[in-house]
């Protein structure tokens, strides 16, 4: 029975405390184009990622998505974390996204299966790790993340990895943190996706192991949450590995579901050329689309129900394999096509006045189509304005199909009185050189009339 370290201190992983209440910057998500990939998918609850580590503590950011796992150290079903390493890995993978609490996980909709094979000091055995891999595979894990390893090859580990493959799981493992090219196991097993760590510029961290056996790299320092919910920087290939596991889970969330082998080859073939850094968006786009029958999601942005003149219409569209184009139609006529998010169109509503049906059409790369419709009222006609003058007063009456916003009395170039009523009597001050009454409708169209007494 070989002993090994999970790499908590020797491997360079660490947690530096910062308040959990405020979301922290996560540049790695941008560098690896995870945030761009989120326009297509944030993962699926049908995808299970096994974290084989020191256990995982229950945190609000994992609520509803942390499954009951197994503790192979204490031989029970309580896979709670008594070290912190496993919880940090789990939050890198699947912490809830967009809630302004803690951190954003790479695959925020995916579920976590905690498998404890390392003790409170981060030590464990190949036997327990192999059992943990088999356990995860039997419980439907699509991705198995191992932020651990040892210097020795092992038939126990190879057999367990082969078993996981036969069950359709992708095994992702840390390359190790000694800054050498010597193989590290189980990462160096041929079918395992070995992960190294790089800086924000794509340079290899000097502590990251390297070599032809390393499949991809990922940000080597990422914010993560410990068992108490404390947020801090989590560094090492122990941190890069769950990052890649999360990206793999995003790919596993697409339909038709890609095989583990396809996910592995896609992540490697689309990695950034010089640094080897995983590219989530490129990987998603590289997946084959044959058999895709899922239509893109599509929605109008904020559009006022009453419009005039040039109108900007925005749209939100997303698809697991990418949106090819979004089109805007007005009254059955194609207005514009946009192929790049954020989708935005300019529509000249004039000279129309009355209801206008708007239609958005989104096509994905396979040609699946989604259509959404909304009707707005175009008003490009000014209100009808009539004046009646008597003595030092001017009575204004205005009508408009869309409704009147206000009447204004403008004396010597300045607004001196306003009324929200459709009819109003204004008193004209003495010595007024110019007097104008202006009617403005709810769309913003205006009509003016000379209100000078005796004019």
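The values are calculated or read from the model by the stated rules, or taken from the named source; none is laboratory data. Keep in mind that this is a model prediction, so the values were computed, not measured. Neighbour counts run over all protein chains shown; Cβ positions are idealised from the backbone, glycine included.
Structure notes:
- In the range 1-49, the residues that are touching a helix residue (DSSP H, G or I) at 6+ places or on another chain (Cβ under 7 Å), at pLDDT 50 or above and surrounded by fewer than 19 Cβ atoms within 10 Å (Cβ to Cβ): 35, 36
- Count - residues of the range 331-380 that are touching a helix residue (DSSP H, G or I) at 6+ places or on another chain (Cβ under 9 Å) and modelled with pLDDT of 95 or more: 0
- Residues of the range 392-406 classified as outside any strand (DSSP E or B) and free of Cβ contacts under 8 Å to residues at least 40 places away in the same chain, total: 1
- Against the numbered list (1) part of a loop (DSSP other than H, G, I, E, B); (2) on the phi < 0 side of the Ramachandran plot; (3) without any contact (Cβ under 8 Å) to a residue 60 or more places away in the chain, residue 409 comes up short only at (1).
- Failed item, numbered, when residue 173 is tested on (1) touching a residue at least 12 places away in the same chain (Cβ under 8 Å); (2) farther than 26 Å from residue 223 by Cβ: (2)
- One residue from 271, 304 being buried (at least 18 other Cβ atoms within 10 Å of the Cβ) and either touching a residue at least 60 places away in the same chain (Cβ under 8 Å) or assigned by TED's automatic domain parsing to the domain that holds residue 49 (or both): 271
- Residues considered: 392, 406, 433, 438. Of these, the only one that is more than 19 Å from residue 303 (Cβ to Cβ), surrounded by fewer than 19 Cβ atoms within 10 Å (Cβ to Cβ), modelled with pLDDT of 95 or more and not assigned by TED's automatic domain parsing to the domain that holds residue 331 is 406.
- Of all residues in the range 122-141, none that is without any contact (Cβ under 8 Å) to a residue 12 or more places away in the chain has its Cβ atom under 8 Å from the Cβ atom of a residue that is crowded, with 21+ Cβ neighbours inside 10 Å, 6 or more apart or on another chain.
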